[in-house]
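The values are calculated or read from the model by the stated rules, or taken from the named source; none is laboratory data. Keep in mind that this is a model prediction, so the values were computed, not measured. Don't worry about glycine lacking a Cβ; one is built from the backbone with ideal geometry, like all the others, and counts go over all protein chains shown.
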Amino acid sequence: AIWIYTSYSYMTIGNKVGEPNSWMAWVPVLNYYYMVKLARLSGWFTLIFLTVVIPFLGALIIVIFVVYLSMQIAKRRGFDEWLGLLTLVPIANLVLPGYLAFAEPTKKATSESPGDMKKSMDMAEEEGEEEMEE
């Protein structure tokens, strides 16, 4: 049931962001390649999933990489990329693919990153100072 849910969620995300070959979300191993494509990374990153053969190190690399992929997918869907950290939280990691697939991002989440927001605030302050001088 979890495989059906996550496959359908990633297929839906692919369709919403215009990523071709959304059927790949349904094929074991190929679905990892599709997640990499959803995150707009090189297909070579799929090799990281093959590091599972290295016991502890491989598992650690996979966890870090899946979190990174989730962050990039969230960003591409218009959500705050930090939402991808929910991959580390039990149960939330099962809800996240569906949320990214079926929820609509708010304007606040899609408008600017915190760094961009600070730049906008600085520019607004400068414009306000210019208006006061006139």
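Structural remarks
- Residue match in the range 104-120 (condition: at pLDDT 70 or above, loosely packed, with under 13 Cβ neighbours inside 10 Å and either among the hydrophobic types (A, V, I, L, M, F, W, C) or outside any helix (DSSP H, G or I) (or both)): yes
This table checks each residue for (1) among the aliphatic types (A, V, I, L, M); (2) part of a helix (DSSP H, G or I); (3) touching a residue at least 40 places away in the same chain (Cβ under 8 Å); (4) in contact with a strand residue (DSSP E or B) (Cβ under 9 Å, 6 or more places away or on another chain).
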| position | (1), (2), (3), (4) |
| --- | --- |
| Glu19 | no, no, no, no |
| Ala25 | yes, yes, no, no |
| Leu41 | yes, no, no, no |
| Phe56 | no, yes, no, no |
| Ile62 | yes, yes, no, no |
| Met71 | yes, yes, no, no |
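Here is a yes/no grid of residues against (1) of a type in the set (A, V, I, L, M, F, W, C); (2) modelled with pLDDT of 90 or more:
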| position | (1), (2) |
| --- | --- |
| Met11 | yes, yes |
| Asn15 | no, yes |
| Ala25 | yes, yes |
| Ser42 | no, no |
| Ile48 | yes, no |
